[in-house]
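Read the structure below first, then the notes.
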Amino acid sequence: MLARTVREVEAAAQRGQVTASTRTKFQVVALLLREERARVRADDGSSESRRTEQLKRLDGIATILATTAVRDAGLLALLADDAVVTDAARALKRELQRAAGIEADPEPEPPARPATAPAFSSENRVVPQSVVSRQLANPFLAPDYSAVPPPVARPRRLAGWELLGPLLSSFERAGSGDPACMELPPPTSRFAPGGVELMPHQARLVAAAADGHRTFLLADEPGLGKTAQSLLAAEAAGAYPLLVVVPNVVKTNWAREAGLWTPHRPATVIHGNGDTIDGFADIVVVNYEVLDRHVGWLGDFGFRGMVVDEAHFIKNRTSQRSQNVLALSERIRTRVPRPLLMALTGTPLINDIEDFRAIWQFLGWIDESKPLGGLMEALEDTGLTPADPGFYPAARRCVIDLGIVRRRKVEVAADIPARRIADLPVELDGAAGRSIRAAERDLARRMVKRYESALAARTSATDVVGIDAELVRRVARWEQKEANASTTGENVFTMMRRIGQAKAGLAADYAAQLARSAGKVVFFAKHVDVMDAAEELFDKQGIRYSSIRGDQTSSARTKQVDAFVNDPDVAIAVCSLTAAGVGINLQVASDVVLAELSWTDAEQTQAIDRSHRIGQTEPVTAWRIIAAQTIDARIAELIDSKAGLAARALDGSDEEVSSSTDVQHEALVALLTDALTAESGPGAGARTGS
């Protein structure tokens, strides 16, 4: 049972689909593995050979856990002895124990909770000693929550209407020329410290905060300096103490940026249980992964502002990280008059327009079912209902005016040189190439067989002229579902990984050539073994490199970034696409090599924008290494064709809105369609099902 479950986790990590349920499974396997190892060692009733055999099998599971954790820093944190065990993990653990015929752990009594309290978990909560010292040092200066004005009730013309759906739809319907950004005042630089200078677009947001605006969805394209804007907006709003929630990979960088932009405001970073934090700091930086154990004291700390970086991390409102962020936001909004709330993300829409919901809820614009406060008032003031044709542009304008700030580099940072994506097709020769092409043919044949079986099994007489496109899509969905659930066999995910491995040497050799001829290069890969292969080649060629991975501590990652940026002899930064795709500045390089493809345009863009950002002085070229005559080339085309979601909803583009999660499905559709077309041949007749 443990082996089967850990293989499911491993497969999800290989596909880059580590969801909340995947993390729960991972943690449960780790917990049960420890218990089972202890049980086997203490079992005097078994023979020595039997115990050795069982321990060997458990070591195999432990090895899979360790290698999987290396791909995702969030998984690695779950192996720590002090990792928070969630309610979902306890429930799954009992379920797996029962499935294995083991007496399950008794279910704990649910803690009593006042009906009005936010949904904070009370288990495994910590209060750092430095925070206790702050409380003891100021016993008469507890946060004052009395100034929060009560809500003012007024008759609701729209009370009977369902409004969240139309509000989201208003962004899908946006057309060319529709506004994408709230009106901002003229720029001000009076809050910037000496020695650094804001760009005009940054200074305008700071001016809005100084004028009294307090909620922002700051969706500037990556590389336009959102960190500096949020720190100085907090300064302009007097929003201290300030809570900043960030991905683990960037929390050290946030402390560094705070020292640059607000040097007179002490900043502290929470690691683990927070034993080293400064409880008297003005800026508290915490990563999503440890937020659960600190959410109790953070909710009572008296924060007057909260910033959520890479806010698309909270798009799944059922996840623990999202619930913690939303609960803290609600606590601050109900206790502090007009707090500063900022959601930062250059890619607010990755999969669907629904990704907006959690961000809007964090900002206090909506709750689970309806618009709140200022948004409802603005909608009422339009005098329109969703039945009126003019409602949708007016509703979109109401939301934008609450604080959506979206600027593109082409509009506000003309001094940043252009960027381009150049595809480099490579031929996969030798046994690896032949094996990949054979596997692709086998996958296509398997889907063709399923298509033909489904066609033949129809109960009503149906004549299909040519290829039944709807059945093709259904077969692709079946294959995709099985690929997501399967831990063995060839599927689209394992095939992409094998292609990445086969391209590794070619991509690394091209990066080495660039480094010798053009200067520093950033090399991105999705899988650890591709990074390993590249680094092995660089070692053989005597090329110095930095390695930026998900299993590193924040200090180790910072050291690697600094070496690449500051040491002229470090020619290449070898980066994990998931771990290094956000929050680091690598603009010393103008060449980026993408050794493996992402499944989304957003992830690809985030990676390229580590170099294409403020401070870059040369045009940036991203070199995508594409395996010719394989599914790799098809996926590159699909990624490019599905890049229009944020452009349409936020930028007023006429590009078609489509979900980038469809790339896997569309790749399978294309593979099956090509196979059926080849099988039918020119002039093929109708396929008939009876």
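Separation between the SER453 and ARG190 pseudo-spin-labels, each 7 Å from Cα along Cα→Cβ, expressed in nm?
7.4
Can you compute the FRET efficiency between THR19 and ASP640 using 1/(1 + (r/R0)^6), with r the Cβ-Cβ distance and R0 = 25 Å? Round to the nearest 0.05. Don't jump to the answer; show the numbers that get you there.
Details: r = 26 Å, r/R0 = 1.03.
Working from the Cβ atoms, E equals 0.45.
Could you name the lysines whose alpha carbon sits less than 20 Å from that of LYS370, not counting residues in the same chain fewer than 8 places away?
Excluding near neighbours in sequence, the set is LYS315.
Need the full-extension length gain, ARG51 to ALA556, defined as separation in residues times 0.36 nm minus the C-alpha distance. One decimal, nm. Show your work: numbers first, answer last.
Values: separation 505, 0.36 × 505 = 181.80 nm, distance 3.89 nm.
Result for the pair: 177.9 nm of gain on full extension.
In nm, to one decimal, how far is the ASP401 label point from the ASP429 one, both placed 7 Å along Cα→Cβ?
6.5
Too long at a 21 Å Cα-Cα cut-off: which of LYS449/LYS503; LYS503/LYS526; LYS520/LYS540? Each step should come with its number before you reach the end.
Numbers: LYS449/LYS503 30 Å; LYS503/LYS526 12 Å; LYS520/LYS540 18 Å.
In this structure, LYS449/LYS503 exceed 21 Å between Cα atoms.
Roughly speaking, what is the stretch gain from ASN566 to ALA418, that is 0.36 nm per residue apart minus the C-alpha to C-alpha distance, in nm to one decimal? Display every interim value, and only then the final one.
On the way: separation 148, 0.36 × 148 = 53.28 nm, distance 2.38 nm.
Working it through step by step, the gained length comes to 50.9 nm.
Can you tell me the order of 511-521, 559-569, 207-217 when each peptide is scored by its average per-residue count of other Cβ atoms within 10 angstrom, highest first?
Ranked from most to least packed, the peptides come out as 207-217, 511-521, 559-569.
Please compute the length gained on full extension between SER369 and ARG477, using 0.36 nm multiplied by the number of residues separating them and subtracting their Cα-Cα distance. Walk me through the numbers before you get to the answer.
Values: separation 108, 0.36 × 108 = 38.88 nm, distance 3.11 nm.
That works out to 35.8 nm of additional length.
For segment 439-447, in order, what is each residue's ³J(HN,Hα) by Karplus, 6.51 cos²θ - 1.76 cosθ + 1.60 with θ = phi - 60°, in whole Hz (x at glycine and Pro)?
5, 5, 5, 4, 4, 5, 4, 4, 6
Can you pull the one-decimal nm distance between simple spin-label points at LYS540 and ALA469, each 7 Å off the Cα toward Cβ?
A separation of 4.8 nm, rounded to one decimal place.
With θ taken as phi - 60° and the coefficients 6.51, -1.76 and 1.60, list the Karplus ³J(HN,Hα) couplings across segment 664-675 in order, rounded to whole Hz; mark glycine and proline as x.
Coupling constants for segment 664-675: 4, 5, 5, 5, 5, 4, 5, 4, 5, 4, 4, 5 Hz.
Read-outs throughout are calculated quantities, based only on the coordinates presented, and are distinct from any laboratory measurement. Because the structure is predicted, anything quoted here is derived from the model rather than measured. In this analysis, Cβ positions are derived from the backbone assuming ideal geometry, glycine residues included, and neighbour counts consider all displayed protein chains.
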